[in-house]
Amino acid sequence: MDYREDDEPSENQSKRTKAMAGKKDKGLRWAQVEETAKEAKKNEKLKETEEVEQAEKPEETALEEEVLEEAEEIEEKVARAKKKEKEEDIVEEKVYTVPLGRAWISTRRKRAPRAMRLLKGFIQRHMKIKIEPEEAEVEAERLVVSNEVNEKIWSRGIEKPPRKIRIRAVKDKEGVITVYLAEG
């Protein structure tokens, strides 16, 4: 409610009209004061609610942090259990440097596939994999090349595989040999 100049009494108006205009003016001012007081109260209430919400948020974040910490602890325990199972399953583990230079003898577009064949042949020879089972009771051993080894060989494309690669071959109880990249 803005105060307008039209509400002011002019010189031509009677005293009574001037008095009424003054009362209107006082009424307008009083209404403005009430409105500002109401707005101030609303602002105070908003500030209080914001303070309460901010006070509650640390409690919620603390609870969330506790839940996250518990989840991390559980994940660590599961990872340890899996690692122990894997360690128990490992029968034999060896680290080799596999020469892949012979793959470069073939044509450019066949080098990476040949490097994969050389790697598998090397592992079969050195880990003594039985390809065909001699007895009915014994199963054939499998060779599994991990994704990281495959990506390392194919990293520079089909035409330029690495000249040599350092790998870790792991044999488990079931006779499955898995080839990983050697660390370091």
Note on the range 99-131: residues under 15 Å from Val149 (Cβ atoms), in a helix (DSSP H, G or I) and either of a type in the set (A, V, I, L, M) or in contact with a Gly (Cβ under 6 Å, 6 or more places away or on another chain) (or both) are Ala103, Ala112, Ala115, Met116, Leu118, Leu119, Ile123, Met127
Scanning the range 102-118 for residues that are in contact (Cβ under 8 Å) with a residue 24 or more places away in the chain and hydrophobic (A, V, I, L, M, F, W, C) gives Ala103, Trp104, Ala112, Ala115, Met116
Among residues of the range 92-133 being among the β-branched types (Val, Ile, Thr) and out of contact with any helix residue (DSSP H, G or I) (no Cβ under 9 Å at 6 or more places or on another chain), the residue surrounded by the most Cβ atoms within 10 Å (Cβ to Cβ) is Ile123
In the range 147-184, residues that are at pLDDT 95 or above, out of contact with any helix residue (DSSP H, G or I) (no Cβ under 9 Å at 6 or more places or on another chain) and part of a loop (DSSP other than H, G, I, E, B) total 1
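The values are calculated or read from the model by the stated rules, or taken from the named source; none is laboratory data. Fair warning: this is a prediction, and the values are worked out from it, not measured in the lab. Here Cβ is always computed from backbone atoms with ideal geometry, including for glycine, and neighbour counts include all displayed protein chains.
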